[in-house]
Structure formats: structure tokens, C-alpha cells
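Note sheet for the following structure.
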Amino acid sequence: MQMTMSPEVRDALDQNRAVVALESTIITHGMPYPQNLETARQVEDDVRQAGATPATIAVLNGTLHIGLTDDELATLAQAKDVAKLSRADMAVCMAMGGTGATTVAATMIAARQAGIEVFATGGIGGVHRGAETTMDISADLQELAQTPVTVVCAGAKAILDIPRTLEVLETLGVPVITFGQPALPAFWSRDSGLPSPLQIDTAGQIAAAHRTRAALGLSGGQLIANPIPESDEIPKDEIDPIIEQALSDAEAQGITAKEVTPFLLDRIFRLTTGRSLSSNIALVRNNARLAAEIAQELVQLPVKTAK
Ligand code: PSU
Ligand code: MN
């Protein structure tokens, strides 16, 4: 397997300093150019400002990159026909010398391989609405059940079936922990209307819970739901009708499988004339800062493995 680490990330890991993994599907399939590139750079800076080293992850010409140069980031942000890689297709892409952006699942796999314990993103994949017939359930959920990385997101988007997503995560034994409030956030909105299964108010306790899972011999990671800052949120009653519209457009156009999430994100961007994107950028930055804090707590906590 071809894997390469940027010098910045290698130094940080060698010196046991905090590192935060960042995904690349959000760049290639989650936001339009040029905002995708501006955001990717901004988020890396946010991680640095918050005292950690960013490691944006992608597969470029068959090599798994842990940390991208600015040129690589700029090329990826403008590239067309980049594969969207998850657990199922990552190895094939690498073996064939292909280029692909990593989803939450693939980024977790790469982070673990590199020795990175924390990862910041916007939203995770989950149980899609209508999954009782389509069976469209993101591989992100299974990955959280087996790969020991703490993933900071802003909750699940209401394009998904959030109650069923929570049920699947519970069945898989994935802790869903909201940071600092009892209600589960829903990406653009601070409150999904559902209580969060778990709540933690400090980065230190999130890090302690991560270590305790390992000490108990439990596989898998943790999902941290970090509410979007109040000034950037789109309240639920404003975004809900737009989501409904996007979902019915997807159905009318027969969009399925991997195309569903990127299609809906693009539709919602257009229907909100860009407001969904400003919120999206704000929440990713907010998640990057929290992930950097958790990463700094983690490097101070000794690893105790299960006997
Ligand atoms: N949800 C978002 N923004 C995103 C994604 C999901 O709000 O950019 C991306 C992430 O990379 C996630 C992937 O891992 O989509 C999930 O895709 P699918 O639903 O096809 O598993
Ligand atoms: Mn899917």
C-alpha cells in the first residue's frame, strides 16, 4: 500500500502533538468551487490556530495522502470526476492508481492507519429517508462501530431519517454525544427536536471517554455532535420545507446511491441561494476548533489497552 504523510503531520505525530484529520469528500462533493477550496484552507488554519496540526486526507494517483500540500488541495478542489471513496471502494481505487476523495468512513480508516485519533467534518452519512425500501444506509455508521476515531460533526442533516440513524447507531454501540446541550443538533439547526443520547460539556471528558472505550476493549469510535453557533444557524422551520423540496426533486429525477447526498446538498445550496453554504462553512470551522481541543486533551492522556 502506498501511503505518504506531509512533513507537518509526521513531525506532529512523532512528537506526540495533537493532530486532527479532515475529510476530502466535503471538498469535492459537498461544496461548490471556489468556496470548497477557501473552506478547506480556512479549516486547516482554524485547526492550527486552535493548537493542533491538520491532516486533510485523500487518495491521489493511488497514494493515500495524510496531509495535503496547498497545490494538491487546489487541484483536488477543481478536479472533475473524482471518486467518492468509502470502505468498499478505497482499496480498489488505490490499487488501480486512481484519485478519490475520502468520506467519513474512508477518512476514519486512513486516520487510524496513520495514528490519528480525532477527525472533524460537517455532517455524517446515515439512514436515508425511505431506507426501509431502498436500504440506503451510509457505511459511515458501520465504520463508527469498528474504527477507534472520535468524529466531530454538527449532527445529522435532516435530509436523513434522524430517528432511524440514532436507532442504528445505538444498535451498533456507537456513543452519540452532544457537546454542551441536551438536544441533538441537526446540522444547520441547533436543535433537531430530539434529545441527544449522551451529553458531555468539556473536551477533556470527551478525550477521557475515548480512552475508556479502548481500555474496556470496545471497538469503534465516538460521534460528537457539536451545535452550530447561534449566529450562523438556519432554524428548523425555515430549512425543513427546503429539504422537503430537495428530497422530492431527487425522487423526481431518480437520483440513487452515492449521488443522493451530493445532489441534495447542491439542491439545498441553490434553494437557499447560498445561505446553506455559509452555515455549512461556519459549522465545519466550529467543529475543527473543538476537534483540535479534544486532540490536545488526548495527547496528554496515557493509552491503557484492554487486558
Ligand atoms: N453529509 C453532509 N456533508 C457531506 C457528507 C455528508 O452533510 O459532505 C459526505 C461525507 O463525506 C459523508 C458522505 O461521509 O457524504 C456520506 O455519503 P453516503 O451518504 O453516500 O454514505
Ligand atoms: Mn448511501
What do you reckon, is GLU293 of a type in the set (D, E, K, R) and within 14 Å of ligand 1 (Cβ to nearest atom)?
no
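Residue-wise test of (1) within 16 Å of ligand 2 (Cβ to nearest atom); (2) touching a Ser or Thr at 6+ places or on another chain (Cβ under 9 Å).
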site	(1), (2)
GLU143	yes, yes
VAL149	no, yes
ARG164	yes, no
PHE187	no, yes
Can you give me the number of residues within the range 53-86 that are of a type in the set (Gly, Ala, Ser), within 22 Å of PRO262 (Cβ to Cβ) and not in a helix (DSSP H, G or I)?
4
For the range 98-108, which positions are within 16 Å of ligand 2 (Cβ to nearest atom) and assigned to a loop (DSSP other than H, G, I, E, B)?
THR103
When the residues of the range 127-151 are narrowed to those that are within 11 Å of ligand 1 (Cβ to nearest atom) and assigned to a loop (DSSP other than H, G, I, E, B), which ends up nearest to the chain's Cα centre (by Cα)?
SER138
Does any residue of the range 87-97 turn out to be part of a helix (DSSP H, G or I), within 16 Å of ligand 2 (Cβ to nearest atom) and on the phi < 0 side of the Ramachandran plot?
yes
Just name the residue that is surrounded by the most Cβ atoms within 10 Å (Cβ to Cβ) out of those in the range 275-307 that are outside any helix (DSSP H, G or I) and modelled with pLDDT of 90 or more.
LEU301
Pull up the range 110-141, narrow it to residues that are of a type in the set (Asp, Glu) and under 17 Å from ALA88 (Cβ atoms), then point me to the one that is farthest from ligand 2 (Cβ to nearest atom).
ASP140
In the range 244-289, the residues that are farther than 21 Å from SER24 by Cβ and either in contact (Cβ under 8 Å) with a residue 60 or more places away in the chain or under 14 Å from the mean Cα position of the chain (by Cα) (or both):
ALA246, LEU247, THR256
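The values are calculated or read from the model by the stated rules, or taken from the named source; none is laboratory data. As the structure is a prediction and not an experimental result, all values here were calculated from the model. Backbone-built Cβ (ideal geometry, glycine too); neighbour counts: all protein chains shown.
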